[in-house]
1. Specify the residue that is farthest from residue 386 (Cα to Cα); the eligible residues are those in the range 249-269 that are surrounded by 14 or more Cβ atoms within 10 Å (Cβ to Cβ), within 44 Å of the chain's Cα centre (by Cα) and among the β-branched types (Val, Ile, Thr).
2. Restricting to the range 98-108, name every residue that is surrounded by fewer than 14 Cβ atoms within 10 Å (Cβ to Cβ) and either under 31 Å from the mean Cα position of the chain (by Cα) or not hydroxyl-bearing (Ser, Thr, Tyr) (or both).
3. Quick test for you: out of 306, 323, 283, pick the one residue that is under 17 Å from residue 381 (Cβ atoms) and either acidic (Asp, Glu) or in contact (Cβ under 8 Å) with a residue 40 or more places away in the chain (or both).
4. Please tell me if residue 95 is more than 26 Å from the chain's Cα centre (by Cα) and part of a strand (DSSP E or B).
5. Among the numbered criteria (1) within 36 Å of the chain's Cα centre (by Cα); (2) under 20 Å from residue 374 (Cβ atoms), which one does residue 295 miss?
6. May I ask you to list the residues in the range 67-83 that are part of a loop (DSSP other than H, G, I, E, B) and either buried (at least 16 other Cβ atoms within 10 Å of the Cβ) or touching a residue at least 24 places away in the same chain (Cβ under 8 Å) (or both)?
7. Tell me whether the range 48-63 contains one or more residues that are touching a residue at least 12 places away in the same chain (Cβ under 8 Å), out of contact with any helix residue (DSSP H, G or I) (no Cβ under 9 Å at 6 or more places or on another chain) and polar (S, T, N, Q).
Amino acid sequence: MKDEEIYLERLFQGMKIPAIGKRKASFEAFVKETEHLEAVQQILENQKMLQDKWKLINRINDVKNQSFRVSNATVGKAYEHKVDFERQQWTDFSFSDISGLEDIGLSYDNEAETISGTPTEAGDFKLTLLFRIKGEDPEKAPNEKSFSLVINPDPKSLWKDIDSDKEAPFWKPDNVSAKARLGNRNLVAVSKRGRSHANVGSFRDDDFAFEYHEKTGWSIVAVSDGAGSAKISRQGSKMACEGIVDYFTTNIDQATLDEFDAIVQEQRDETEGAARKLNNFVYTQLGGAVLNVHKKMAAFAKEHEYALRDLHSTLIFVLMKEYDFGTAMLSFGVGDCPIGVLNENQTEIELMNWLDVGEFGGGTRFVTMPEIFSDAKFGTRFGFKLAGKFSYLMLMSDGVYDPKFEVEANLEKVEKWQEFVKDLQGDNEDGVAVNFDPENEKVDEQLSQWMDFWSPGNHDDRTLVVIY
């Protein structure tokens, strides 16, 4: 039985008009008439058209009412979100586009089905998905479905940068940088006030100092991190660094330097007793320098009616000289700031000090603490290395060490130092690179820019000295 015959039979039955039984032959003849067939065919086509349109309307409404979310974005950070049409069960789309993206730095690729770009504004943005379902007239205006895109602000923009009070006692610049030649070597140093301090207009507690003595070939480089809880640690760190540099500039005579030259030669030749002489020299000269700094800080605190703890500061320094056969490095460290030396091809790392962490339950030690001088471990705070060719000697405060190495154990891993060097050379989220070419006149500017790296939860002062 054809569709037309079925339709008429049901139609007549519904209207209680006899169409079968004794009238079957008449009904079959009636159905076969062209006029009647065409009429039924038209009705069936109209029914199908109405059914299809109703299904299409329902499908469009289903899409409009369907939940649709895209991942959040962040201002200034590259963004990409692929619309999962299969998961959304939108495989019956014949067209799609998204309006409202251009104003916020994004765009939509219909072929790749991807939203991408770098957001320029923060907020909760109402966007519109334009779409057509297969079977819709391509000339008809597309359907619209609203959805939201949350663009978070750049975390850096939430931090204030309030200048410290220049009228306050012991004020010093919030950010400083320097570059210099140390004989055949180069030095670049940057010390920047941390975001946590800048946000409230407080001071940079870190500091550094260095000096190259062309006549003797000796260099002295120091870094200090003032304790955040100490009232004038900004002055303490400055005194610690400048005090060490001043001591070796004014208190070491030529005879003492000649003595050390001889000891280094004996150490290189592995002469009997050389190690004992070296240890005694290092302990006496470097220990005397540290004690001298401590006493000056104690006298300063008393003169200005502060407690010595108000100057609490860590201290690391390296005294170094190049010889024909290598570079002698003498070091000292108290606190949680590391000194590392990478060999020429960056396959080995040697730490020149140990950190005051772990054993003291996370608490550090400061050059202002009298007890460090009577501690049995005081002698182990000094180091000596006769290095061959090396690529980098680095001194840093924990504002750099914490975000880049995370834990003390990583300082022993050469691969972490290799990653750190690559980071300095531009392998980072911001693509900021420092060119350590000796001829680069902007190396200090580049390092200063690199020091602005973002690390969630790490907003302390940052100081880094690189000798290369």
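1. 252
2. The first filter runs over the range 98-108 and keeps only residues surrounded by fewer than 14 Cβ atoms within 10 Å (Cβ to Cβ), leaving 99, 102-103, 107.
102, 103, 107, listed by residue number.
3. Numbers: 306 fails: under 17 Å from residue 381 (Cβ atoms); 323 fails: under 17 Å from residue 381 (Cβ atoms).
Result: 283 is the single residue among 306, 323, 283 that is under 17 Å from residue 381 (Cβ atoms) and either acidic (Asp, Glu) or in contact (Cβ under 8 Å) with a residue 40 or more places away in the chain (or both).
4. Yes; evaluated as a whole, the condition is true for this residue.
5. So the condition that residue 295 fails would be (1).
6. Start the filter on the range 67-83 by keeping residues that are part of a loop (DSSP other than H, G, I, E, B), which leaves 67-72, 75-78, 83.
Listed by number, the residues that qualify are 68, 69, 70, 72, 75, 76, 77, 78, 83.
7. Residues of the range 48-63 touching a residue at least 12 places away in the same chain (Cβ under 8 Å): 52, 56, 59-60, 63.
Right, trim to out of contact with any helix residue (DSSP H, G or I) (no Cβ under 9 Å at 6 or more places or on another chain) and you get 52, 56, 59-60, 63.
Applying the additional criterion that residues be polar (S, T, N, Q) yields none.
Taking every residue of the range 48-63 in turn, none turns out to be touching a residue at least 12 places away in the same chain (Cβ under 8 Å), out of contact with any helix residue (DSSP H, G or I) (no Cβ under 9 Å at 6 or more places or on another chain) and polar (S, T, N, Q).
Table: residues versus (1) closer than 30 Å to residue 52 by Cβ; (2) free of Cβ contacts under 8 Å to residues at least 12 places away in the same chain; (3) assigned by TED's automatic domain parsing to the domain that holds residue 430.
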site: 85; (1), (2), (3): yes, no, no
site: 88; (1), (2), (3): yes, no, no
site: 99; (1), (2), (3): yes, no, no
site: 107; (1), (2), (3): no, yes, no
site: 111; (1), (2), (3): yes, yes, no
site: 124; (1), (2), (3): no, no, no
site: 136; (1), (2), (3): yes, no, no
site: 144; (1), (2), (3): yes, no, no
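The values are calculated or read from the model by the stated rules, or taken from the named source; none is laboratory data. Source: prediction; values computed, not measured. So basically every Cβ, Gly included, is an ideal-geometry build from the backbone, and we count neighbours across all protein chains shown.
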